[in-house]
Structures are given as structure tokens and as C-alpha cells.
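This report refers to the structure that appears directly beneath it.
Every read-out reported here was derived from the displayed coordinates using simple, explicitly stated rules and does not represent laboratory data. None of the values given here were measured: they were computed from a predicted structure. No Cβ is skipped: glycine too gets one built from the backbone with ideal geometry, and neighbour counts run over all protein chains shown.
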2 protein chains.
Amino acid sequence: MTKPRTRIQQRNSDVILEAALEVFSAHGFRGATLDQIAAVAGLSKPNLLYYFASKEAIHVALLSGLLDTWLDPLRAMDPEGDPVAELLAYVRRKLELSRDYSRESRLFANEMLQGAPRIRAALEGDLRDLVQQKAGVLQAWMDQGRIAHMHPVHLIFSVWALTQHYADFEVQVQAVLGSDGADPYPEAAVYLETLFRRLLTP
Amino acid sequence: MTKPRTRIQQRNSDVILEAALEVFSAHGFRGATLDQIAAVAGLSKPNLLYYFASKEAIHVALLSGLLDTWLDPLRAMDPEGDPVAELLAYVRRKLELSRDYSRESRLFANEMLQGAPRIRAALEGDLRDLVQQKAGVLQAWMDQGRIAHMHPVHLIFSVWALTQHYADFEVQVQAVLGSDGADPYPEAAVYLETLFRRLLTP
DNA sequence: TGGTTGTTTGACCGGATGGTCAATTCCGGG
DNA sequence: CCCGGAATTGACCATCCGGTCAAACAACCA
């Protein structure tokens, strides 16, 4: 549950979670099968269930490890720093997460779409608390006239929406931007920086 | 295929599509079962398959009807109108779609997450063409100095991302904004209007 | 009313899938 | 080297699920 003991346990748990991430993010929870995950992991199906009690247990293990990583950039926003710089850094880090961890983003999006049956508690607990706290920081910055006035929580929503879009709707982005396999992220980074700079500057 | 003939066919087709939308949007294609859809529709499973050849046929029928409706507000953007007003109207209409057709939005998002296996062609065809055309309009407005300069396609992406977020991540929005069942859409409308107004004004 | 066409369903099928288990193999420590 | 626990797996099970089909039923018209 907490820390596997032997090296084999550690390695196989990691291999299974990596394979499960690949399959779950591509097909959703219901669409993924244990056989697929086992094949990707290079293990037999009963062997999977030797390490995790059930398909759901694998899914939960993935999700619970995910939310923390996902919120780290928001946590890193420093109330003592320069407001615009802090927010732009947050946007940049979040966009990097979308680029480097797009499977995690899609896994998370899948869970949200289904109504978050497995992490609702975390959303209404840790997530809500962190957002409310950081919204307070944003509000203070606005009251000090250091960034423009707006609804701080919706401001955070817009960072999430704009960055995650490039991971979750990757197919659409690629389809629209053309068949040339050009990486859309550099352009996106430039675009989002100008967007938030114009939005925030008082 | 095109138009059902009898009144019974028309009514039952509609009932099935409505039920399928409910179930598919909540559980995804693979997560939905014909029995669930039949139960919601108030019909028997074989009766469903009397009207649609397969589970996939129902899904395709839903999706193909959807993309057009979804793009209507973008199509309605008038090159002859006032640029900022046209774009703000587009944002407002798109946000209304998210509010009034959130199930459709989630159905679409589900399809995107899976890599759009059933509508990739439409994305690379009609959708791409329309976006490129409207991007041209936006570019002209920028060249005339009527709105600020930025990447026009990413500007469209940001409209999609920001509006659809409220439908697709509804649980998260509700969880963060608190348990009071307050409607987040009025606030969202205000926020998005100020965001795009500041972004676009030259 | 009778017949023809359109509609509905109970029963069933075959394959997929999550999960179990007894038996076997592997491996590290004494 | 050997033994006990850890790791692995082939075979199997029960259930679910998409889809079929023949038979029953309803609707419409002559």
C-alpha cells in the first residue's frame, strides 16, 4: 500500500503503473482491459493481480499519485514574488506539464468527464482548499493594484483550461494546425504569455 | 438513414438518441451499455437494434449531428461586423452552448480524448477548413489594426478551451466554487468578457 | 374483417473480460 | 546447497455485453 519492499516489487509496480497509464489514458477506465495493460507491461494478467488487488485499484493508485503532481505548480506560486511574473511562470509550468505529461492530463480529464467518481473527495478537499488559498493571494495582489481586477478563481480556471486543452484535445489541435508534424507548444507558449500579460497588466 | 418515415420511427429514433446522449456523455462509448440506453429510453434492447444497426451506429449518429451545431457560432462570425463585438458574441454563444448542451460537450470531449477515432476525417476536413478561413478573417482584422496582433488559430483554440472547460470539468468547477449550488455561468460570462476585451483591444 | 406491413420482445448465443486458484518456478539468506 | 517465502502462470470460472432470431403483437388499409 505505502512502499513496496523488494526491488522486484518496486520495479513491477512501476512497470504496471506505466503500462496502465498508457492504456487508461488512451481508452478510459472502462475501455481499458487488464489483458492490454498486461501486454504493455510485459507481464501476465494474474501477475498484475498479484501486485494490485483489482483493475480499479490500479486506476486509483494512478489517480491518487497524480493530483499532487498536478497541483505542484500552483503550490509553487509565491505570494512574495512579482505577481505577473509568478502567474506567467505558473502558466509556463502548467503548459510544460501538458506537453510532457499529456497522458496524465488525459487520464485526469477522463475522470472529470465521468463526474470524478473516484476523486470527488480530493476535489472538494485538498484541491478546493489550495485554490481558495491561492485565490486569496491573487485577490490581495488585485487589491494592491499590482494586477488587474477580476474573479480570482475563474482566473485559475482559465489557466487550467488553456493549458490542458493542448494535451486533452491534442488530436483536434493537430488536425487544425495541419498535417505537418510541427510542435504547437512553442506557439502556444508565446500566445499564452501575451494573453495573460495583457489580461493581468493593470 | 436520412429521414425516418412513420411517426413512430421518428419518435423512437429521437428517444433513443436522447437516451444515448445521456448515457454516452456520462460513461463514454465503451463505458455505456445498450441495456442502460434501452432502460433510459424505455425500450427493450432488441428494439433499439431495430432502429439502429449497432451500438456504434447510435454513437456515430450522435456525433455527426453534433459537429455542425457546435461550429455554428464560429460560422456566424461576420467579417463585416465590428471585430471585438463579433468575437465577444462568439464567446458568449459558445459559453451558452456549454451551459445548455453540456452533455454534448462531454460527448465530444470523450471522443477527442480517445483520439477522435470516429470523426478524425471531419476534423481534418470541414473543421480545419472553417478554422483556417476564420483565422484569415482574424488576421485581416489584425492587419487593419482593429484588434491586437496574436496567433489567430490559437485565439480560436482559447475560445474553445475557456468555454468548454465549464461543461467538461463541471464537477471540478462545482467542487472548487463550493457546495452552494450557485450557477457559475454568470460569473464566467463576466470573466470571459473582460478577458477577451483586454486581450483584443489594440 | 382479414391481410399485410411495421413494431416489439423473450430467449438465446458467442466472445470478451475481470478475477481466482492450484501448481510451478524463482530467489535470497542461512 | 537447500529451503521457505516470493513471484509467476496456465487453466478455469462467472458474468457481462453486443447482437440475433423467431415468434408474437399492433397498426393501417382494402
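Considering only residues that are touching a helix residue (DSSP H, G or I) at 6+ places or on another chain (Cβ under 6 Å) and of a type in the set (Ser, Thr, Tyr), look in the stretch A:12-39 and name the one that is surrounded by the fewest Cβ atoms within 10 Å (Cβ to Cβ).
A:Ser13
Test A:Asp100 against the stated conditions and say whether it is among the charged types (D, E, K, R) and either touching a His at 6+ places or on another chain (Cβ under 9 Å) or surrounded by fewer than 19 Cβ atoms within 10 Å (Cβ to Cβ) (or both).
On the way: among the charged types (D, E, K, R): yes; either touching a His at 6+ places or on another chain (Cβ under 9 Å) or surrounded by fewer than 19 Cβ atoms within 10 Å (Cβ to Cβ) (or both): yes.
In short, yes.
Output yes when any residue across the stretch A:94-101 is away from chain B (no Cβ under 12 Å), touching a Pro at 6+ places or on another chain (Cβ under 6 Å), within 21 Å of A:Leu192 (Cα to Cα) and free of Cβ contacts under 8 Å to residues at least 40 places away in the same chain, and no when none is.
No, there is no match, as no residue in the stretch A:94-101 is away from chain B (no Cβ under 12 Å), touching a Pro at 6+ places or on another chain (Cβ under 6 Å), within 21 Å of A:Leu192 (Cα to Cα) and free of Cβ contacts under 8 Å to residues at least 40 places away in the same chain.
Given the structure, is A:Gly42 farther than 17 Å from A:Glu18 by Cα and over 23 Å from the mean Cα position of the chain (by Cα)?
Numbers: farther than 17 Å from A:Glu18 by Cα: no; over 23 Å from the mean Cα position of the chain (by Cα): yes.
So A:Gly42 does not fit the description; no.
If you go through the stretch B:107-124, how many residues are free of Cβ contacts under 8 Å to residues at least 40 places away in the same chain and within 9 Å of chain A (Cβ to nearest Cβ)?
Kept after step one, since they are free of Cβ contacts under 8 Å to residues at least 40 places away in the same chain, are these residues of the stretch B:107-124: B:112-113, B:115-117, B:120-121, B:123-124.
Add one more test, that the residue is within 9 Å of chain A (Cβ to nearest Cβ), and what stays is B:112-113, B:115-116, B:120, B:123-124.
The total comes to 7.
Counting just the residues of the stretch B:40-83 that are among the basic types (Lys, Arg) and within 16 Å of DNA strand C (Cβ to nearest atom), which one comes out surrounded by the most Cβ atoms within 10 Å (Cβ to Cβ)? Walk me through it before giving the result.
First, pick out the residues of the stretch B:40-83 that are among the basic types (Lys, Arg): B:45, B:55, B:75.
In the following step, the residues that additionally are within 16 Å of DNA strand C (Cβ to nearest atom) were identified as B:45, B:55.
Values: B:Lys45: 15, B:Lys55: 18.
So, considering only residues that are among the basic types (Lys, Arg) and within 16 Å of DNA strand C (Cβ to nearest atom), the one surrounded by the most Cβ atoms within 10 Å (Cβ to Cβ) is B:Lys55.
Find the residue count for the stretch A:190-202, including only residues that are crowded, with 16+ Cβ neighbours inside 10 Å and more than 7 Å from chain B (Cβ to nearest Cβ).
Here the count works out to 3.
Looking at this structure, is A:Val91 of a type in the set (Val, Ile, Thr) and either within 16 Å of DNA strand C (Cβ to nearest atom) or over 19 Å from A:Leu130 (Cβ atoms) (or both)?
Values: of a type in the set (Val, Ile, Thr): yes; either within 16 Å of DNA strand C (Cβ to nearest atom) or over 19 Å from A:Leu130 (Cβ atoms) (or both): no.
Against the criterion (of a type in the set (Val, Ile, Thr) and either within 16 Å of DNA strand C (Cβ to nearest atom) or over 19 Å from A:Leu130 (Cβ atoms) (or both)), A:Val91 does not qualify.
For the stretch A:182-202, which positions are in contact (Cβ under 8 Å) with a residue 24 or more places away in the chain and under 15 Å from A:Leu162 (Cα atoms)? Talk me through it step by step, then tell me what you get.
Step one: list which residues in the stretch A:182-202 are in contact (Cβ under 8 Å) with a residue 24 or more places away in the chain, which gives A:185, A:188-189, A:192-193, A:195-197, A:199-202.
Listed by number, the residues that qualify are A:Tyr185, A:Ala188, A:Ala189, A:Leu192, A:Glu193, A:Leu195, A:Phe196, A:Arg197, A:Leu199.
What is the residue count in the stretch A:21-59 for residues that are under 20 Å from B:Gln114 (Cβ atoms) and polar (S, T, N, Q)?
Number satisfying all stated conditions: 3.
Go through (1) within 10 Å of chain B (Cβ to nearest Cβ); (2) not in a helix (DSSP H, G or I) and name the single condition A:Gly181 misses.
All conditions pass for A:Gly181, except number (1).
Restricting to the stretch B:1-60, count the residues that are more than 14 Å from chain A (Cβ to nearest Cβ), among the hydroxyl-bearing types (Ser, Thr, Tyr) and more than 9 Å from DNA strand D (Cβ to nearest atom).
Qualifying residue count for the region: 3.
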